Amino acid sequence: MNITLRVWRQRNSDDTGQMQTYQVTDVSPDMSFLEMLDVLNENLTISGEDPIAFDSDCREGICGMCGLVINGLAHGPKERVTTCQLHMRSFSDGDVIDVEPWRAEPFTVIKDLIVDRGAFDRIIQAGGFITAPTGTAPDAHAAPVPKADADAAFDAATCIGCGACVAACPNGSASLFVAAKVTHLGLLPQGQPERHSRALDMVAQADLEGFGGCTQIGECTAACPKGIQLDLISRLNRDVLGALAHRG
Ligand code: SF4
Ligand code: FES
């Protein structure tokens, strides 16, 4: 396949940035999208040009490091995959593909396609933890958890913190991410001591970081590679209201 890429190039956070066009030839349909970028970067490096900066680590959908807006869609056109799990067979010979970074005010562009997602770390630091001593694995198993709660907590825990939900949301809201983290811990007995403060503090930190409010549009859940469901945001809202009522 021969592909035309229009890639966002930006030297640093102060640069205004612009789209730049590249031709990539002999692309195998079995290449991942990131491998295709690797090949382009090799060619750029050989010809003395600055390679395109982008994030990745595990390249198997686990770490949440990768994230590109491809043809206007967070993580590209295939549902329920991360950018690293997207393959060139999802495109056709001759396609023109736009590649941009996550766009949201709290996600400052560091260079090209890399954004600073430190805001997510600070939201986790605000409340995404437990203080209950959990002992070793056998001790943790000794705490009875209803099966339905364990399953729902596990589903929420699959959030990898990639930020696609924010990139896809017209409001730039981080509500799906916060809801996943609050639900994950709030459904388990070990998460109860901080249940109220967690919900309030994580939402307050998201506001402080400049993420927008949720108006239940649902683009977040459509873009989420882990299928985190929109009803978790309703659950988060109930937790916040419960915490406010408890505080009085
Ligand atoms: S909720 Fe989904 S899209 Fe948002 S950070 Fe978690 S895994 Fe990524
Ligand atoms: S590189 Fe780890 S999820 Fe894509």
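Tell me, which residue of the range 81-97 that is outside any helix (DSSP H, G or I) and surrounded by 16 or more Cβ atoms within 10 Å (Cβ to Cβ) is nearest to the chain's Cα centre (by Cα)? Filtering first and then ranking leaves T82.
Per-residue answers, yes or no, for (1) under 19 Å from C66 (Cβ atoms); (2) in the same structural domain as F91 (by TED's automatic domain parsing); (3) surrounded by 15 or more Cβ atoms within 10 Å (Cβ to Cβ):
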site: V7; (1), (2), (3): yes, yes, yes
site: S13; (1), (2), (3): no, yes, no
site: T21; (1), (2), (3): no, yes, no
site: S32; (1), (2), (3): yes, yes, yes
site: V39; (1), (2), (3): yes, yes, yes
site: E42; (1), (2), (3): yes, yes, no
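Show me the helices (runs of 4 or more DSSP H) found entirely inside the range 117-172 where at least 1 residues are under 29 Å from C84 (Cα atoms), of a type outside the set (F, W, Y) and at pLDDT 95 or above.
Correct list: 118-127, 147-157, 164-168.
In this structure, L208 qualifies as closer than 17 Å to I124 by Cα and either surrounded by 18 or more Cβ atoms within 10 Å (Cβ to Cβ) or more than 13 Å from ligand 1 (Cβ to nearest atom) (or both).
Matching residues to (1) over 20 Å from G172 (Cα atoms); (2) within 16 Å of ligand 1 (Cβ to nearest atom); (3) in contact (Cβ under 8 Å) with a residue 40 or more places away in the chain; (4) in a strand (DSSP E or B):
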residue: M1; (1), (2), (3), (4): yes, no, yes, no
residue: D30; (1), (2), (3), (4): yes, no, yes, no
residue: L34; (1), (2), (3), (4): yes, no, yes, no
residue: V39; (1), (2), (3), (4): yes, no, no, no
residue: L44; (1), (2), (3), (4): yes, no, no, no
residue: E49; (1), (2), (3), (4): yes, no, no, no
residue: I52; (1), (2), (3), (4): yes, no, yes, no
residue: W102; (1), (2), (3), (4): no, yes, yes, no
residue: I110; (1), (2), (3), (4): no, no, yes, yes
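The values are calculated or read from the model by the stated rules, or taken from the named source; none is laboratory data. Everything numeric in this text was worked out from a predicted model, so none of it was measured. Note that we place each Cβ from the backbone using ideal geometry, even for glycine, and neighbour counts take in every protein chain shown.
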